[in-house]
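Asks: Before I ask anything, here is the structure I am working with.
The values are calculated or read from the model by the stated rules, or taken from the named source; none is laboratory data. Since the structure is predicted, the reported quantities are computational estimates derived from the model, not experimental observations. Using ideal geometry, Cβ is built from the backbone for each residue, glycine included, and neighbour counts are taken over all protein chains shown. Just so you know, the surface numbers come from the protein's heavy atoms only, side chains and all, with ligands and any DNA or RNA stripped out. Shrake-Rupley method; radii C 1.70, N 1.55, O 1.52, S 1.80 Å.
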Amino acid sequence: MLKELIMHSLPTDFCHASTVLPLDNADVLCAWFGGTHEGKADVGIYYTKKEHGVWREPVLLASGAEANWNPVLYKRADGKILLFYKEGEHIASWKTYVRESSDQGESWSEARELVAGDESGGRGPVRNKLYKLRSGRVLAGGSTEHGIWKAFADISDDDGYTWHKSADICIQGLTYKAGEKTAESNIAVSAQSFYGRGVIQPSLWEDEQGVHMLLRSSEGYVYRADSKDEGETWTDAYALALPNNNSGLDLAIGCDGKLYLVCNPVAANWGVRSPISLFQSDDGFKWTKLMDFETEASEFSYPAIVSKGEKLHITYTYKRQNIAYIELVINQNA
């Protein structure tokens with residue numbers, strides 16, 4: 001296993017919410033957001049590339065009039081790389097922007113709104129990578145935070161050019177009193193995050209039974225939802241036995257056909273963001289912990305995981321001071 005920190009020195013006071021994309025030539029792209037504090041107007045999107053085993057110095061790629069959040073990298077079938085990200089002071093009214101690169105991330109187009117005029121809290125991917133189905137349809141896991149948090153799948157049948165939204169996914173019977181704070185925590189997030197309940201930030205996969213998602217929740221556990229019509233409609237979200245601390249998670253299907261999930265297995269709403277751990281599953285219901293990447297009493301959070309060939313490429317927030325990168329070879333004989 002290769003484990004390293006991406007930056008020699010942090011260009012901002014903090015960094016968070018990385019996205020990773022391994023390229024065909026063995027280079028790797030990574031992006032994240034950073035600034036003085038999450039939610040402040042000076043927070044922008046930074047990115048870097050690993051070439052010949054060395055990470056370049058980070059470059060500021062996007063900085064709007066308001067805070068930027070949650071970049072997501074995606075490579076289309078035509079070779080173009082898309083970078084999605086959110087902009088807005090208030091999470092509930094985020095807008096989603098996208099930029100394109102035709103030269104492996106060396107240069108980027110000007111930003112455009114993904115869905116023009118949308119003010120619902122952001123279309124397209126909210127945090128985790130896009131997922132391409134066997135049919136060629138592309139799904140982006142989305143969510144909104146308007147008191148009761150809800151998830152959805154944004155759907156593209158032209159590899160990311162145009163989008164339509166699925167039915168919402170929520171926890172049935174959940175209630176929330178407007179303006180009620182749901183937790184006290186010293187985690188360095190925007191203060192507005194401590195209000196609301198529900199499920200957000202889906203991570204997607206497909207198997208013979210249909211399409212599925214795992215969801216971050218405010219309820220102490222990872223939730224799951226399923227679709228039998230390629231993401232148009234979904235079951236209600238239902239709890240698994242796997243703990244969740246109301247922090248990000250992400251999964252990928254390895255070359256051995258198994259599911260690999262990175263998360264903080266802590267059963268508390270806005271609980272501590274350590275340890276950060278790798279789990280494995282055959283079916284997405286029962287999960288076995290393979291290892292902890294970090295166990296120190298600090299923040300290790302918001303993982304991204306991508307499977308390419310025999311490797312898993314993983315990034316996560318490292319103490320809000322750096323981005324950790326892991327390359328892990330899958331042992332298919334285990």
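Asks: Can you list residues whose amide H is under 5 Å from E51's amide H, if they're 5+ apart or on another chain and H is modeled 1.01 Å from N?
Replies: R56
Asks: So, counting K/R as plus one and D/E as minus one, what does the shell of residues with Cβ under 12 Å around R76 add up to?
Replies: In short, -1.
Asks: Related question: Measuring with a 1.4 Å probe in the full set of protein chains, what accessible area per residue, in whole Å², belongs to the chain? Numbers along the way, then the final one.
Replies: Numbers: 13030 Å² over 334 residues.
Here the per-residue accessible area is 39 Å².
Asks: What dipole magnitude, in Debye to the nearest 20, does the chain give about its Cα centre under +1 on Lys/Arg Cβ and -1 on Asp/Glu Cβ?
Replies: Values: 34 positive and 46 negative charges, 88 e Å.
With only Lys, Arg, Asp and Glu charged at Cβ, the dipole is about 420 debye.
Asks: Test of the criteria: in the range 244-334, which chymotrypsin sites (Phe, Trp or Tyr not before Pro) are in a DSSP loop and have at most 12 other Cβ atoms within 10 angstrom of their Cβ? Kindly include the intermediate steps, with their values, before the conclusion.
Replies: On the way: sites: Y260, W270, F279, F285, W287, F293, F300, Y316, Y318, Y325; in loops: W270, F285, W287.
For chymotrypsin sites (Phe, Trp or Tyr not before Pro) across the range 244-334 that sit outside H, G, I, E and B with at most 12 neighbouring Cβ atoms in 10 Å, the list reads F285.
Asks: For a quick check of your reading of the filter: which trypsin sites (Lys or Arg not before Pro) in the range 128-157 sit in a DSSP loop and have no more than 16 other Cβ atoms within 10 Å? Don't skip to the answer; put the middle values down first.
Replies: Numbers: sites: K129, K132, R134, R137, K150; in loops: K129, R134, R137.
Listed in order of number, the matching sites are R134.
Asks: Now a separate question. Just going by the charge dipole of the chain, with Lys and Arg at +1 and Asp and Glu at -1 on Cβ, which of V266, A239, I253 is farthest out on the positive end?
Replies: Among V266, A239, I253, the one farthest towards the positive end of the dipole of the chain is V266.
Asks: May I pose another question? Restricting to DSSP loop positions (anything but H, G, I, E, B) with no more than 14 other Cβ atoms inside 10 Å of their own Cβ, which GluC sites (Glu not before Pro) remain in the range 295-334?
Replies: Answer in residue order: E296, E310.
Asks: Residue by residue through the range 290-302, which ³J(HN,Hα) values in whole Hz follow from phi under the Karplus form 6.51 cos²θ - 1.76 cosθ + 1.60 (θ = phi - 60°), with glycine and proline marked x?
Replies: With coefficients 6.51, -1.76 and 1.60, one gets 8, 5, 9, 7, 9, 10, 4, 7, 8, 9, 9, 8, 6 Hz.
Asks: Now a separate question. Build a GNM of the chain with springs between Cα atoms under 10 Å: which of I305, I81, I323 gets the top mean-square fluctuation?
Replies: I81
Asks: Of all the Cα-Cα pairs you can form in the range 1-133, what percent are over 24 Å apart? Each step should come with its number before you reach the end.
Replies: Values: 2284 of 8778 pairs.
The answer is 26 percent, as a whole percent.
Asks: Under a Cβ-Cβ cut-off of 9 Å, what is the net charge of the residues other than L133 that fall near it, where Lys and Arg count +1 and Asp and Glu count -1? Each step should come with its number before you reach the end.
Replies: Numbers: positive: K132, R134, R137; negative: E206, E230.
Around L133, the charge tally is +1.
Asks: For the range 126-219, list log₁₀ I(q)/I(0) at each q in 0.15, 0.16, 0.18, 0.22 Å⁻¹, using the Debye formula over Cα point scatterers of equal strength and ignoring solvent, two decimals each.
Replies: Rounded to two decimals, the profile gives -0.64, -0.71, -0.84, -1.08.
Asks: Top mean-square fluctuation among N269, N68, N244, Gaussian network model of the chain, C-alpha springs under 10 Å?
Replies: The residue with the greatest mean-square fluctuation here is N269.
Asks: Which percent of the accessible area of the range 139-285 is formed by carbon and sulfur heavy atoms (probe 1.4 angstrom)?
Replies: C and S fraction of accessible area: 50 percent.
Asks: I've got another one for you. May I ask you to list the aspartates and glutamates whose Cα is less than 17 Å away from that of K86, ignoring any residue fewer than eight positions away on the same chain?
Replies: E38, D42, E66, E100, E110, E113, D118, E119, E145, D154
Asks: Next up: Can you list the HN-Hα couplings for the range 117-133, worked out from phi with the Karplus curve (6.51, -1.76, 1.60; θ = phi - 60°), rounded to whole Hz and with x for Gly and Pro?
Replies: The phi angles translate into x, 6, 10, 7, x, x, 8, x, x, 7, 7, 8, 4, 6, 10, 9, 6 Hz.
Asks: Then there's this: Give me the mean projected area, in nm² to one decimal, of the convex hull enclosing the Cα positions of the range 86-148. Please report the intermediate quantities before stating the final value.
Replies: Details: hull surface 23.0 nm².
Mean orientational projected area (the range 86-148, Cα hull): 5.8 nm².
Asks: Let me ask something else. Between L83, L204, L290, where does the largest GNM mean-square fluctuation fall for the chain, given springs only between Cα atoms within less than 10 Å?
Replies: Most flexible of the set in this elastic network: L290.
Asks: Given that just one value was derived from the coordinates, which of (1) 6; (2) 13; (3) 9 is percent of Cα pairs over 38 Å apart?
Replies: Step by step, percent of Cα pairs over 38 Å apart for this structure corresponds to label (1).
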